[in-house]
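The values are calculated or read from the model by the stated rules, or taken from the named source; none is laboratory data. Because the structure is predicted, anything quoted here is derived from the model rather than measured. We place every Cβ from the backbone using ideal geometry, glycine too, and count neighbours over all the protein chains shown. Side chains included, ligands, DNA and RNA excluded: accessible areas come from the protein's heavy atoms. Shrake-Rupley method; radii C 1.70, N 1.55, O 1.52, S 1.80 Å.
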Amino acid sequence: MAADADLLLDGRLVLLVDDDPTVLEVCRAYLESAGLRVQEAADAFVALDRIAAERPDLVVLDRMLPGIDGIEVCRRIRAASQVPIIMLTALGGEDDRIAGLEAGVDDYLAKPFSPRELTLRVQTVLRRALAVEAAGLAPAGSERAVVVRGPLRIDTAARTVELDGRSLALTQREFELLAFLARRPGTVFSREDLLAAVWGWTHGDPSTVTVHVRRLREKIETDAANPRLLVTVWGYGYRFDDPGATP
């Protein structure tokens, strides 16, 4: 019925947040058949309580919830946790997707959707999160644990970033994007390249990258409108420039 079980993901906890009991029932059946544990929440307040108490490995969050909508729920989650979030939405406009990405959503799935596709996306996002966690605990020998680029100091083992000695608060994905680019100064990457390398997606909305680049610039650049570190290469993508490099 659902995607094949993955031993690496077996027993991982997914929190389903949706006020439609049919959606909860069908999605639960597919996810459990793939070896995942599932908890449910029909409203935002129950969801926030369960995230704090149960610490799920991933949250599937409906955009339209009673009381507090999914965007605000995502903001509240991100204030305390970097748990991966997949948002379900019947609103397919670009502005809505960007609002979700700015709030910290990791992936989007438009309603109506296939429960099998949801299961595959859950597995993909979970694998990526686990790979990032493992890399953070034991960085690959080919990757420097500490990267210094001009005013930036990036510690990939501690997963911290300092700008002129001041700690920056980055989301998990912002950190991964910055670390990836900073390790490869002067190299231009398209948005599709970055989706594959940082998000682990072979397909997806390129505006995801655009939003994260904009948010990073607001945190690392002196003037985000005229970036000197994370620059745009018009017609292709983005490049990290090291101000300390010798011409």
Legend entry - Magnitude of the charge dipole, the chain, Cβ model with Lys/Arg +1 and Asp/Glu -1, debye to 20: 860
Legend entry - Positive dipole terminus of the chain, leading residue within LEU9, ILE68, ALA225 (C-beta point charges): ALA225
Legend entry - Point-to-point label distance, LEU8-VAL231, nm (Cα→Cβ direction, 7 Å offset): 3.6
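Taking 0.36 nm per intervening residue step and subtracting the Cα-Cα distance, what contour gain separates ARG78 from ALA110 on full extension?
That works out to 9.4 nm of additional length.
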Inset, instruction - Take peptides 122-128, 38-44 and line them up by average Cβ neighbours within 10 Å, highest first, as a rough protection proxy. - result: 122-128, 38-44
Legend entry - Within the chain, percent of DSSP bridges classed antiparallel, to nearest 5: 50
Legend entry - Average accessible surface area per residue within the chain, 1.4 Å rolling probe, Å²: 48
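Output needed for the stretch 1-117: three equivalent-ellipsoid semi-axes, defined as square roots of 5 times the C-alpha gyration tensor eigenvalues, in descending order, whole Å.
On the way: eigenvalues 88, 54, 36 Å².
Those come to 21, 16, 13 Å.
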Inset, instruction - Write down the Kirkwood hydrodynamic radius of the stretch 166-208, to one decimal in angstroms, obtained as one divided by the mean of 1/r over all alpha carbon pairs. - result: 11.2
Inset, instruction - Determine the distance separating the Cα centre of the stretch 174-241 from the Cα centre of the stretch 20-52; give it in Å without decimals. - result: 33
Legend entry - Cα pair count fraction exceeding 31 Å, expressed as % - the chain: 25
Legend entry - Förster radius 25 Å - calculated FRET efficiency between ASP95 and ASP19 (Cβ-Cβ, nearest 0.05): 0.60
